[in-house]
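What follows is a short report on a single structure.
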Amino acid sequence: MSEDTIRFTLNGRDVSVPATTRGHLGDLLRHEFGETGTHIGCEHGVCGACNVVMDGVVVRSCLTLAVQVDGAEIETIEHLGSDHDVAALQNAFVARNAFQCGYCTPGMIMTARELLAGNTAPRREEIRDAISGNLCRCTGYQAIVEAISDAAETLREMADE
Amino acid sequence: MKSANFAYIRATSLDHALSTLANTEDAIVLAGGQSLVAALNLRLQVPELVVDINHVPGLDQIEIGDDEVRIGPLVRHAQLMASDEATKALPLIGKALPHVAHPAIRNRGTTCGSLAYGDPAAEMPACAVALGATLVLASTDGTREVAAREFFEGLYETQRAPHEMLIEARFPVAPKGARPVFDEVAARRGDFATLGLAGQIHVDSGVIAAFDLVAFGSEPAPLLLENVADIALGKAPNPGLITDLSQAVADQVHPMESPLATPQMRRRQYRALAERCLHAAMEFADV
């Protein structure tokens with residue numbers, strides 16, 4: 001089994017860990033660091049539950065080899081608790097009942113946060129396009145779309161104040 | 001599922017990547033990895049060595065010239081989509097990119113990677129064939145240029161040899177006034193297209209001067225619809241012509257058997273899709 005020691009920044013902290021070349025980032029985060037907010041669903045890029053931030057952009061951790069993150073900056077959902085945008089999204093998801101089992105939620109929040117960073121007033125259709133790569137089997141999506149729209153409104157109001 | 005074991009190497013230069021490909025029986029290039037890592041996890045691909053080119057400097061350039069746009073091997077879909085200059089020079093690419101998978105996948109996936117992979121459902125190969133792009137392949141023996149119209153041979157089959165790397169895609173800049181034609185049928189936005197049309201139409205002095213249309217998704221490789229162009233050239237755009245062209249699209253495709261739809265149903269979908277996107281491209285009211 002090929003193994004390399006990799007160093008990267010995880011949630012603001014420098015870390016070093018042995019990684020097998022065949023393993024993906026999602027498993028590394030869960031198994032080596034206990035960052036279990038990153039959920040593993042399909043392992044081939046379809047479901048979006050494993051989304052994390054790599055060097056500032058949202059990526060699928062299941063489609064990123066662990067050895068690829070040597071030198072990179074990785075942020076997981078656990079690190080974003082004090083982020084304004086994430087707080088607004090969390091509140092809106094609760095208010096709108098935008099989750100049931102919660103398995104898709106961290107990935108949804110990651111995707112929605114990136115959407116709102118680039119588009120402060122997305123239309124419903126744009127929200128639907130943005131979350132097209134995040135599967136939810138509980139809600140039927142309507143509540144999620146409404147929650148993201150509400151969070152955008154909250155953030156716009158905060159920006160105005 | 002988890003990938004089988006393989007060795008991993010981070011290329012430090014293009015020469016390093018090419019010599020590694022030349023010296024290893026079963027090596028594969030990792031650029032965006034959005035198809036490759038999925039294929040590894042599913043064990044559809046079991047290479048001996050993965051050559052990661054993500055840290056080779058200078059491969060992420062988009063060069064916009066007067067005649068062509070040159071796209072380097074590490075240009076991500078999101079990067080190309082964000083380049084107003086590139087999507088203005090290549091309006092078809094601009095129209096197709098929002099259909100390429102989902103935001104998180106566009107953040108990593110590359111144009112050249114999509115071309116080299118040759119997925120029949122992918123948008124970029126269809127656009128490359130429609131626009132008559134040129135693909136540049138490199139190996140330790142040197143470089144060669146292959147027309148996109150000859151590059152795609154079948155399901156994931158291309159003219160690229162295993163020791164070659166696709167180092168550049170050159171797209172001709174759209175002539176002034178040329179309009180993109182693009183739409184696809186997919187279960188959800190960004191999902192694999194079950195069928196689609198990609199093309200460019202140029203109306204000059206009231207008649208169709210150029211029209212290149214490609215069917216993809218339902219075919220083993222992007223299919224240039226030459227009969228459709230033959231019908232269109234020299235004619236003035238009008239709704240009757242669109243009906244004829246849409247029928248010609250349905251007649252010329254050879255949809256693969258699929259558990260989701262019969263070839264006959266695919267032909268009907270093609271006809272409807274062609275009507276819709278040709279009305280939009282020729283600026284008639286939608287049917």
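The values are calculated or read from the model by the stated rules, or taken from the named source; none is laboratory data. The structure presented is a predicted model; accordingly, all values stated were derived computationally and were not measured. Quick reminder, even Gly has a Cβ in these numbers, built from the backbone with ideal geometry, and neighbours come from all protein chains shown. Accessible surface is based on the protein model in full, side chains and every heavy atom, while ligands, DNA and RNA are left aside. Shrake-Rupley method; radii C 1.70, N 1.55, O 1.52, S 1.80 Å.
Remarks
- Net lengthening on full extension, A:Met158/A:Val57 (0.36 nm per residue, minus Cα-Cα): 34.0 nm
- Extending 7 Å from Cα along the Cβ direction at B:Ala209 and again at B:Leu241 yields two label points whose distance is 1.4 nm.
- Semi-axis lengths (Å, descending) of the ellipsoid that matches the C-alpha gyration tensor of the range B:7-52: 19, 12, 7
- Counting only alpha carbon atoms, the long axis of helix B:239-252 and the longest principal axis of chain B meet at about 40°.
- Ordering B:Ala209, B:Leu14, B:Thr110 by the projection of their Cα atoms onto the charge dipole of chain B, which places +1 on the Cβ of Lys and Arg and -1 on the Cβ of Asp and Glu, puts B:Thr110 at the extreme positive end.
- Summed side-chain charge close to B:Arg43 - residues other than B:Arg43 whose Cβ falls under 12 Å, Lys, Arg +1, Asp, Glu -1: +1
- For the protein assembly as shown, the square roots of the Cα gyration tensor eigenvalues, ordered a ≥ b ≥ c, give a/c of at least 1.5 with a/b no greater than b/c, which places it in the oblate category.
- Inter-label distance, B:Thr140 to B:Glu153: 2.3 nm, where each label sits 7 Å from its Cα along the C-beta direction.
- A viscosity of 1.306 mPa s and a temperature of 10 °C, combined with the Kirkwood radius over Cα pairs in Stokes-Einstein, give a translational diffusion coefficient for the range A:81-160 of 130 µm²/s.
- Shielding by partners - mean other protein chain Cβ count within 10 Å, residues of B:108-117: 1
- Unit Cα scatterers, Debye sum, the range B:62-172: log10 I(q)/I(0) for q = 0.13, 0.14, 0.15, 0.24 Å⁻¹: -0.43, -0.50, -0.57, -1.49
- Residues in the range B:2-24 occluded by at least 50 Å² - accessible area, probe radius 1.4 Å, against chain by itself: B:Lys2, B:Asn5, B:Phe6, B:Tyr8, B:Arg10
- Placing a label point 7 Å from the Cα of A:Arg137 along the Cα-to-Cβ direction, the residues of the range A:89-126 whose backbone N falls under 18 Å from that point are A:99-108.
- Portion, in percent, of the accessible area of chain B that falls on carbon or sulfur, probe 1.4 Å: 50
- Nearest 10 degrees, 0 to 90: helix B:263-281 Cα axis against chain B principal axis: 80
- Here the range B:1-147 is treated as a Stokes sphere of Kirkwood radius computed over C-alpha pairs; at 20 °C and 1.002 mPa s its diffusion coefficient rounds to 134 µm²/s.
- Relative to the globular-protein estimate of 2.2 N^0.38 Å, the Cα radius of gyration of the range A:1-118 stands at 1.05.
- Taking 7 Å steps out from each Cα toward its Cβ at B:Glu63 and B:Ile231 produces label points 4.1 nm apart.
- Cα gyration tensor shape for the range A:28-82, rounded if a/c is under 1.5, else prolate or oblate: rounded
- Under the convention that each Lys and Arg Cβ holds +1 and each Asp and Glu Cβ holds -1, the size of the dipole of the range B:136-177 around its Cα centre is about 280 debye.
- Residues in the range A:81-160 average 50 Å² of solvent-accessible surface per residue, probe 1.4 Å, ligands and nucleic acids excluded.
- B:Arg10 sits among other residues whose Cβ lies under 9 Å from its own Cβ, and their net charge, with Lys and Arg +1 and Asp and Glu -1, is -2.
- Charged neighbours of B:Phe152, selected by a Cβ distance under 12 Å, balance to -3 (K, R count +1; D, E count -1).
- In chain A, taking the dipole from charged Cβ atoms about the Cα centre, the farthest positive-side position among A:Met110, A:Gly140, A:Gly48 is held by A:Gly140.
- With DNA, RNA and ligands ignored, accessible area of A:Glu157 (1.4 Å probe; Å², nearest 10): 100
- FRET efficiency estimate (nearest 0.05) - Cβ-Cβ, B:Thr12 to A:Arg7, R0 22 angstrom: 0.80
- Between the listed residues B:Ala187, A:Phe33, B:Leu131, the Cα displaced farthest toward the positive end of the dipole of the protein assembly as shown, a dipole computed from Cβ unit charges relative to the Cα centre, is found at B:Ala187.
- Projected area averaged over orientations for the range B:136-287, convex hull of C-alpha atoms, nm²: 10.4
- Backbone amide hydrogens, once placed in the peptide plane, bring B:Val203 within less than 5 Å of B:Arg179, B:Ala209, excluding anything fewer than 5 places away on its chain.
- Paramagnetic reach from A:Ala117 (point 7 Å along Cα→Cβ, amide N under 17 Å) across the range A:51-83: A:51-61, A:72-83
- Evaluating 6.51 cos²θ - 1.76 cosθ + 1.60 at θ = phi - 60° for every residue in the range A:75-88, the Karplus couplings come out as 10, 10, 4, 4, 7, 9, x, 9, 7, 3, 4, 5, 4, 5 Hz, glycine and proline recorded as x.
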